[in-house]
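What follows is a single structure, written as structure tokens, with notes after it.
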Amino acid sequence: MINAITVNNLTKIYTVGFWQKKFHALQEISFCVPQGSIFGFLGANGAGKSTAIKCIIGLISPTNGTTQIFNISSSSKESRRCLGFLPEHPRYYEFLTAIEFLELMARFKNVKISENKILEILDMVKLSKVSDRYLGGFSKGMLQRIGIAQTLLGDPKLLILDEPLSGLDPIGRKMILDLLLQLKKDGKTIFFSTHILHDIERICDEIAILAQGKVQFCGSLHNRVFAHDDCYQLCFENVENFDESHLQIHAVFHREERQMIFEIEGYENAKHIIEKMESFKARLLSFHPKKNPLEDFLLQHIGHE
């Protein structure tokens, strides 16, 4: 399968200050974004996420390394024909309506589009009812959605969104996340940067973790980040009669009020625990693979920046 984005040994060095000291914003980072996926670019403020995005879309040139969009070099204008981009701090014309703004953006992009198509895009981002309202009267969440709407002009295959969820309230974040999931169903590839861990957990297929200009981890979110190898967590209630001496296998457990929580390796061992606990009239409340919180995983890879 072709990758939507390919980054290979990307390095960006700035010279700063009177003495022209070198600052390594990015240090030989490499990762790929599979076509049709939602890819989260995760890192603390100042980690280098926006710099990497600017290199990917061709706004700045790398010091070393290469970036490609659908196997076309980011230095080529052709690579941007299939791209929609939302910067971290977009600025809007307050005295344009939503329709007028999208018409203007379409002209900037040299995209011929009818008003009916614009209304269709506004409906996708739940703004069709305010299509004639001036942007100066939009909330932060509405402005983020009109920003995403302009990325959809020309029906690009790839959307790159720099911190699209920053500053939104929970309702606004949910609307944006639901929209991104729907766009994925429509066949789009979505690459977005964020430092909000819950959003990454909810919608991303793969992630890259950036810290101090280096990629610390890149891979599948659900298969490689969370799941412990064949480890399960079980929770029981009505455990007053339980006697741990009857267990024939090693298990880690602790009591919480009237409940008992087990952590056990191996599915067959978990079944053994269930059978033993039921023999003591305990009731199984939950049984699921143990998961490692993303926050813990993140700290393992970036430390305390």
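The figures follow:
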| read-out | value |
| --- | --- |
| Residues within segment 149-174 that are surrounded by 16 or more Cβ atoms within 10 Å (Cβ to Cβ), over 22 Å from Gly36 (Cβ atoms) and basic (Lys, Arg), tallied | 1 |
| Filtered residues of segment 117-128 (kept if outside any helix (DSSP H, G or I) and farther than 27 Å from Ile56 by Cα) | Lys126, Leu127 |
| Unique residue being at pLDDT 95 or above and surrounded by fewer than 18 Cβ atoms within 10 Å (Cβ to Cβ) when the list is Glu88, Glu100 | Glu100 |
| Among (1) out of contact with any strand residue (DSSP E or B) (no Cβ under 9 Å at 6 or more places or on another chain); (2) more than 30 Å from His24 (Cβ to Cβ), the one test that Gly147 misses | (1) |
| Test result for Ile146, more than 26 Å from Ile72 (Cα to Cα) and either crowded, with 19+ Cβ neighbours inside 10 Å or free of Cβ contacts under 8 Å to residues at least 12 places away in the same chain (or both) | yes |
| Among residues of segment 13-30, those that are touching a Gly at 6+ places or on another chain (Cβ under 8 Å) and not polar (S, T, N, Q), counted | 5 |
| Given (1) within 29 Å of Leu104 (Cα to Cα); (2) surrounded by 15 or more Cβ atoms within 10 Å (Cβ to Cβ), number of the condition Ser37 does not satisfy | (1) |
| Answer residue from segment 96-112, given it is in contact (Cβ under 8 Å) with a residue 24 or more places away in the chain and assigned to a loop (DSSP other than H, G, I, E, B) and is nearest to Val125 (Cα to Cα) among those | Leu96 |
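Results for (1) surrounded by 17 or more Cβ atoms within 10 Å (Cβ to Cβ); (2) on the phi > 0 side of the Ramachandran plot, shown as yes or no for each residue.
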site: Ala4; (1), (2): yes, no
site: Asn8; (1), (2): no, no
site: Gln20; (1), (2): no, yes
site: Cys55; (1), (2): yes, no
site: Ile60; (1), (2): no, no
site: Thr63; (1), (2): no, no
site: Gln68; (1), (2): yes, no
site: Gly84; (1), (2): yes, no
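The values are calculated or read from the model by the stated rules, or taken from the named source; none is laboratory data. Bear in mind the structure is a predicted one, so any value in this text is a computation, not a measurement. All Cβ positions, even for glycine, are placed from backbone atoms using ideal geometry, and neighbour counts span all protein chains on display.
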